[in-house]
Structures are given as C-alpha cells and as structure tokens.
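Input: a single structure, listed below in structure tokens.
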Amino acid sequence: MANQAFQLRKATTDDFSIFYNFHVHHCYHWLFHDEIAIEEDNPFDTETSEDDFEDNYFFSREDLNRIHQEIVGFNIHDFEKHQKWYRIFMIIVDGNVVGYVKLENYCRKFIIREWTMHFEYLKPELLDALLKKFESLTPIKSKAIQVIAMGKVAEELLIRHGYSGKIKPFFEKQIL
C-alpha cells in the first residue's frame, strides 16, 4: 500500500478556531471511539442538560460541569498556553486541515496526548503513515512512546505498530 500524502504543520495562534472545533467535538477524538460511535456522534452537539451531569462513580455533578466548561470554554489564551507546553501539529491532507496531534515529552516518555481526525480520513494507510511520522518526532532521551486509546480501530493500529497494552487504556512502545 502506498503511503497517504499528508503534511504536518506546527500550530499557530491563527489555527485556534480550527483547533477548537476538533477539540470541543468529542467525535473527532477517534482514539477513544469505535467506528460505530464515530458514525453515531453528532459533531455539532455541544448543548447539555441536567441529565448529562448525573453523579457517577468517578465524578460528581460539579466535577462533570467543571470538565464540560473547561472543554467548551477553552479559549485562545488556553490555546496559547497549550502551544507553550505541548507540541501541536495540524494534520493537512489535500490542502485541508483534517485534525491535529498534541504531543508531550514527560518523564522520559513521549506521549500522544490527543490525536483528532475528521472521520472521513480514518483510513488505515493514512493512520499508519501518521503514526510513523509522530514516532519519528520522539526526542532522543525518551525511553517509550505512550498513547491512551479505547477504540477498537485505535487499539488495532497501535498493536500493529508494536505497542503493548500496559493497563487498559494505556499503550506503550519501548524505544530501543
């Protein structure tokens, strides 16, 4: 299979509105969804109701409301802070931004924090090529690459590329 043509471009402040669209709509966070979930999600549904904030085992209603506000209330100043802490690249295919990747080097681990993609571009060839490119950006001192993934497509991709599941949903690949 031929590699899918793509470009990575370091995110700038001008990318905020595009970044925000991918950031706020959880359907684009494909590492966490199976194919069925991606198709069923409404990417424009940011409205919430009281039922969305039911208390559960992990989070209280207040916690869920705060998390929601941090996601939906994410602004250009937050984005500028992210650009200082993370390496953020816009993913471009055929001249269109189709997602972004947010990378971090932390405690000698190179971490793929977020990898959003428009669902029309979730093709194996493109995902393989992108993951190889992300891996090539690993700093020399890193001992491992880590990704959090829960979706079937994401898990299969990572396993195919030599990642092993540590404790679900953490996948890791040792760097030789």
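At 1.4 Å probe size, with the rest of the protein present, what percent of the exposed accessible area of segment 116-176 is carbon and sulfur atoms? The nonpolar share, carbon plus sulfur, comes to 60 percent. Protein heavy-atom accessible surface, 1.4 Å probe, per residue over segment 112-176: 53 Å². For K109, the residues 5 or more places off, or on other chains, whose built amide H falls under 5 Å of its own are K143.
Distances between placed amide hydrogens fall under 5 Å for H33 paired with M150, G151, all partners being 5 or more residues away or on another chain. The magnitude of the dipole of segment 97-139, with charges of +1 and -1 set on the Cβ of Lys/Arg and Asp/Glu and taken from the Cα centre, is near 220 debye. Overall form of segment 85-132: prolate. Here a/c, set by the Cα gyration tensor axes a ≥ b ≥ c, is 1.5 or more, and a/b is the larger of a/b and b/c.
The values are calculated or read from the model by the stated rules, or taken from the named source; none is laboratory data. This is a predicted model, so every value here is computed, not measured. Ideal geometry is used to build each Cβ from the backbone, glycine not excepted, and the neighbour counts take in all protein chains shown. With ligands, DNA and RNA removed, areas are computed over all heavy atoms of the protein, side chains included. Shrake-Rupley method; radii C 1.70, N 1.55, O 1.52, S 1.80 Å.
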